[in-house]
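**Q** Please find one structure pasted underneath; my questions will follow.
The numbers here are math on the coordinates, done by the rules we state, and not lab data. Owing to the predicted nature of the structure, the values given are computational and were not obtained by experimental measurement. Note that we place each Cβ from the backbone using ideal geometry, even for glycine, and neighbour counts take in every protein chain shown.
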Amino acid sequence: MLIDLVAGNKLDFFKIAPLIDALHKEQSNGYNIGYRLVFAGKQEEYLEVLNDLSFLSIPQPNTFLETSYNSAAEYLATVIVRYEKVLTLSKPDIVMLFGHSTACMGCAIAAAKDQDVRIAHVEAGLRKRNKYSDNDVNRAITDSVTDYYFSIAKSSNDNLRNMGVADDDIYFVGNLIGDFLLGELGNLPQPPIWSLLKLQQQKYILINLEHPSIIGSQTRLKTLLLNILKQVNNLPIILPVNEESSKAINSLGIKAHNLHITKKLTVSELYYLASNAKAVITDSEHLQDETSIMQTPCITLLKSIARPETALTGYNEVTGLQNDNINAILKQLLNDKWKKATIPYMWDGYASERIVAVLKKLA
């Protein structure tokens with residue numbers, strides 16, 4: 001059996017790495033299962049991942065699609081055309097896709113045109129139920145052409161059944177990011193900002209903002225930051241930003257001794273700070289997963305989430321941008337009355353082994 005493992009973006013490598021380790025174990029035991037690693041991006045992006053996580057064994061991709069983002073339509077078309085050429089030259093038995101990137105969707109569309117290739121989607125069935133969410137559009141289209149659905153949560157299974165997927169095609173395997181984090185958190189190097197600001201465990205708050213609806217609105221951003229500053233009792237606030245966001249935040253004119261605006265963090269720095277924070281405040285879909293595995297309280301500034309388990313049983317609270325909601329949750333946090341929570345079911349570090357066990361049955 002030959003499997004294409006397709007990394008649509010840099011974050012997919014952190015899910016793929018433990019799966020590759022599991023495949024290598026099967027190979028060393030004599031099982032005939034091979035893989036090709038395909039990266040939609042450029043070689044320099046892959047090198048950034050290696051530099052960020054030098055302790056992690058990620059083989060060089062067999063194929064780089066060498067795509068770059070110009071417009072959404074042009075990017076999608078380029079991914080489809082270039083991955084179609086890969087399949088024309090040599091076909092795997094299964095194309096395995098991860099997450100919800102546009103590149104993931106593009107490779108799914110290309111593979112769906114080939115009747116000899118089966119499609120497996122890891123994180124299948126996630127839905128925010130927001131037709132204006134690019135991620136939800138990508139998820140729905142990818143799932144519509146998938147053959148084997150690898151889900152991370154019970155809610156995902158329900159979503160798949162509601163769209164008519166048969167139970168026999170749904171494989172509840174858990175969350176691959178749990179395999180990575182539970183295996184590698186102890187290996188993450190302490191970032192320079194830790195000693196520079198003399199940070200202490202669970203005595204600072206990390207804010208991670210990515211969504212244009214917040215970063216791109218000076219009114220929303222200023223209201224959010226001023227409100228949080230009023231509530232946190234002088235706890236240090238770490239706010240990493242890229243160059244564009246830095247200009248937007250500096251133009252707000254907010255001055256506070258405990259607000260530390262720093263350059264954009266690497267993934268390992270972000271995970272280190274998130275795992276040791278009093279809480280993480282974010283608009284990121286991914287950090288909902290990571291913080292629940294790290295057992296770090298998380299306040300999510302979104303109206304809806306694709307991973308309800310992070311809020312139902314995990315360490316996540318969904319507030320949206322309403323100050324009253326945020327303040328109520330911050331009050332619980334600062335009074336050490338955060339809700340009782342657990343790591344979501346099957347996010348236990350064994351998802352990669354379960355996936356490989358399914359692949360062996362499908363051979």
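**Q** Using 0.36 nm per residue, how much length does the chain from Ala77 to Thr342 gain when fully extended, once their Cα-Cα distance is taken away?
**A** Details: separation 265, 0.36 × 265 = 95.40 nm, distance 4.16 nm.
Extra length available between Ala77 and Thr342 comes to 91.2 nm.
**Q** What number of lysine-lysine pairs in the stretch 222-363 show an alpha-carbon separation below 15 angstrom, given a sequence spacing of 8 or more or placement on distinct chains?
**A** The result is 12.
**Q** Just from its helices, what would the mean residue ellipticity at 222 nm be for the chain, if runs of 4 or more DSSP H residues each count -39500 (n - 2.57) and the sum is divided by every residue, rounded to the nearest 500 deg cm²/dmol?
**A** Mean residue ellipticity, 222 nm, calculated: -13500 deg cm²/dmol.
**Q** Scan the stretch 73-166 for chymotrypsin sites (Phe, Trp or Tyr not before Pro) in coil per DSSP, keeping those whose Cβ has at most 16 other Cβ atoms within 10 Å, and list them by number.
**A** Those that pass, being in a loop and sparsely packed, are Tyr132.
**Q** List every residue whose amide H lies under 5 Å from the amide H of Ile119, counting only residues 5 or more places away in sequence or on a different chain, with H placed 1.01 Å from N in the peptide plane.
**A** It is Val95, Asp147, Tyr148, by chain and number.
**Q** Residue by residue through the stretch 74-91, which ³J(HN,Hα) values in whole Hz follow from phi under the Karplus form 6.51 cos²θ - 1.76 cosθ + 1.60 (θ = phi - 60°), with glycine and proline marked x?
**A** 5, 4, 4, 4, 5, 4, 4, 5, 6, 6, 4, 5, 4, 5, 5, 6, 7, 9
**Q** Once amide H atoms are built 1.01 Å from N in the peptide plane, which residues 5 or more positions from Ala277, or in another chain, come under 5 Å H to H?
**A** It is Gln202, by chain and number.
**Q** Within straight cross-link reach of Lys128, meaning Cα distance under 12 Å, which aspartates and glutamates are found once same-chain residues fewer than 8 apart are removed?
**A** Asp136, Glu285
**Q** Hey, what do the phi angles of the stretch 214-220 turn into as Karplus ³J(HN,Hα) couplings, whole Hz, using 6.51/-1.76/1.60 and θ = phi - 60°, x for Gly and Pro?
**A** Residue by residue, the stretch 214-220 yields 9, 4, x, 10, 4, 5, 5 Hz.
**Q** Let me ask something else about it. Starting from one equal scatterer on each C-alpha and no solvent at all, send me the Debye-based log10 I(q)/I(0) for the chain at q = 0.09, 0.10 Å⁻¹, two decimals.
**A** -0.51, -0.63
**Q** So, one more: May I have the pair-distance distribution P(r) for the stretch 205-363, computed from all Cα-Cα distances with 5 Å bins from 0 and rounded to whole percent?
**A** Per 5 Å bin, starting at 0, the Cα pair percentages come out as 2, 8, 18, 21, 20, 13, 7, 5, 3, 2, 1, 0, 0.
**Q** Please list 3J(HN,Hα) in residue order for the stretch 147-155, calculated via the Karplus relation 6.51 cos²θ - 1.76 cosθ + 1.60 where θ = phi - 60°; whole Hz, with x for glycine and proline.
**A** Karplus-based 3J(HN,Hα) across the stretch 147-155 equals 9, 10, 9, 9, 9, 9, 7, 4, 4 Hz.
**Q** Could you list which residues have their amide H under 5 Å from that of Phe172, counting only those 5 or more apart in sequence or on another chain, with H placed in the peptide plane?
**A** Sorted by chain and number, the residues that satisfy this are Ser151.
**Q** Below 16 Å, Cα to Cα, which aspartates and glutamates can Lys25 reach? Residues fewer than 8 away in the same chain don't count.
**A** Straight-distance partners of Lys25: Asp179, Glu353.
**Q** Distance between the C-alpha centers of the stretch 285-327 and the stretch 1-55? Whole Å please.
**A** If we compute the Cα centre of each part, the gap is 29 Å.
**Q** Could you tally the net charge around Gly183, taking each other residue with its Cβ under 14 Å from the Cβ of Gly183, Lys/Arg +1 and Asp/Glu -1?
**A** -4
**Q** Give the relative contact order (percent, whole number) for the stretch 187-334; include only Cα pairs under 8 Å separated by 6+ residues.
**A** Over the stretch 187-334, the number comes to 24 percent.
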